[in-house]
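J.: One structure, pasted below without further comment.
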Amino acid sequence: MTNSDDLCRELQSLWHQNFPLSKAMGLTVVSFTDHILTTRAPLLPNTNIHNTAFAGSLYAIEAMTAWGLLYLEIANAGLHASIIHAHGDIDFAKTVNEDIVAMADFSTLTNHIDELAERGKTRLTIAAKVQTKDGVASQFSGDYLARLERTDQ
């Protein structure tokens with residue numbers, strides 16, 4: 001098992017180097033504890049004309065939080081895999097007029113790490129949400145594919 005803080009720094013660096021949008025949005029990893037990843041992005045670079053969170057930013061943040069959670073769970077298991085975001089849906093319930101805090105929970109999906117280790121691939125759906133002081137603002141559901149990377153090449 002790898003140190004959670006090191007993995008979070010690794011994920012943050014990976015995002016900012018390979019997904020430029022994450023850096024422009026100010027997306028940061030807050031914590032990774034008990035199979036739950038929490039991320040945060042400031043409202044200001046993610047606003048729309050109404051000075052609330054832009055729907056596209058909410059989608060991107062939740063999709064990357066779910067992707068990041070899968071990345072962390074795979075790395076925590078000592079595996080290396082390619083991860084693809086195949087499909088996603090989002091429901092918007094409330095406007096967001098504060099920093100964007102997203103969470104994704106892997107606690108009921110851990111069997112997919114075993115499947116990845118055994119079969120070399122897995123497909124799963126990961127949920128994420130944006131929580132505000134007034135409740136859940138949006139809920140995301142994304143399909144992800146993971147395939148083990150060969151390390152013997």
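J.: Pairs needed: first member in segment 11-27, closer than 19 Å to N46 by Cα; second member anywhere, assigned to a helix (DSSP H, G or I) and among the β-branched types (V, I, T); C-beta distance under 7 Å; at least 6 residues apart or different chains.
T.: Taking only residues 6 or more apart or on different chains, the pairs are M25/I61; L27/I61.
J.: Related question: Residue under question is T95, and the condition is that it be within 23 Å of G26 (Cβ to Cβ), modelled with pLDDT of 95 or more and either among the acidic types (D, E) or over 14 Å from the mean Cα position of the chain (by Cα) (or both); does it hold?
T.: On the way: within 23 Å of G26 (Cβ to Cβ): yes; modelled with pLDDT of 95 or more: yes; either among the acidic types (D, E) or over 14 Å from the mean Cα position of the chain (by Cα) (or both): yes.
Judged against the criteria, T95 is a match.
J.: While we're on this one: Of the residues A63, A102, which single one is closer than 24 Å to L21 by Cβ and touching a Leu at 6+ places or on another chain (Cβ under 9 Å)? Lay out the reasoning, then the answer.
T.: On the way: A63 fails: touching a Leu at 6+ places or on another chain (Cβ under 9 Å).
None of the others qualify; the one that does is A102.
J.: Now for a different question. Does G26 meet the test of being within 24 Å of L116 (Cα to Cα), at pLDDT 95 or above, surrounded by 13 or more Cβ atoms within 10 Å (Cβ to Cβ) and not β-branched (V, I, T)?
T.: Working: within 24 Å of L116 (Cα to Cα): no; at pLDDT 95 or above: yes; surrounded by 13 or more Cβ atoms within 10 Å (Cβ to Cβ): yes; not β-branched (V, I, T): yes.
No; evaluated as a whole, the condition is false for this residue.
J.: If the requirement is being surrounded by fewer than 21 Cβ atoms within 10 Å (Cβ to Cβ) and within 19 Å of A137 (Cα to Cα), which of these qualifies: N3, N48? Reasoning before the result, please.
T.: On the way: N3 fails: within 19 Å of A137 (Cα to Cα).
Just one listed residue meets the conditions, N48.
J.: Tell me whether segment 61-70 contains one or more residues that are without any contact (Cβ under 8 Å) to a residue 60 or more places away in the chain, surrounded by 13 or more Cβ atoms within 10 Å (Cβ to Cβ) and among the β-branched types (V, I, T).
T.: Going through segment 61-70, the residues without any contact (Cβ under 8 Å) to a residue 60 or more places away in the chain turn out to be 64, 68-69.
Next, only the ones that are surrounded by 13 or more Cβ atoms within 10 Å (Cβ to Cβ) stay: 64, 68-69.
Narrowing further to those that are among the β-branched types (V, I, T): none.
Checked against the condition, which is being without any contact (Cβ under 8 Å) to a residue 60 or more places away in the chain, surrounded by 13 or more Cβ atoms within 10 Å (Cβ to Cβ) and among the β-branched types (V, I, T), segment 61-70 yields no hits at all.
J.: Do we have any residue at all in segment 95-107 that's surrounded by fewer than 16 Cβ atoms within 10 Å (Cβ to Cβ) and not polar (S, T, N, Q)?
T.: yes
J.: Has segment 37-58 got at least one residue that is without any contact (Cβ under 8 Å) to a residue 12 or more places away in the chain, in a strand (DSSP E or B) and not aromatic (F, W, Y)?
T.: The answer is yes, given that some residue of segment 37-58 is without any contact (Cβ under 8 Å) to a residue 12 or more places away in the chain, in a strand (DSSP E or B) and not aromatic (F, W, Y).
J.: While we're here: Can you pull out the residues in segment 109-150 that are among the small types (G, A, S), loosely packed, with under 15 Cβ neighbours inside 10 Å and outside any loop (DSSP other than H, G, I, E, B)?
T.: Taking segment 109-150 and keeping what is among the small types (G, A, S), we get 117, 120, 127-128, 135, 137-138, 141-142, 146.
Next, from what is left, pick out any that are loosely packed, with under 15 Cβ neighbours inside 10 Å: 120, 135.
The answer is G135, and nothing else.
The values are calculated or read from the model by the stated rules, or taken from the named source; none is laboratory data. Since the model is a prediction, treat every value here as computed from it, not as a measurement. Here Cβ is always computed from backbone atoms with ideal geometry, including for glycine, and neighbour counts include all displayed protein chains.
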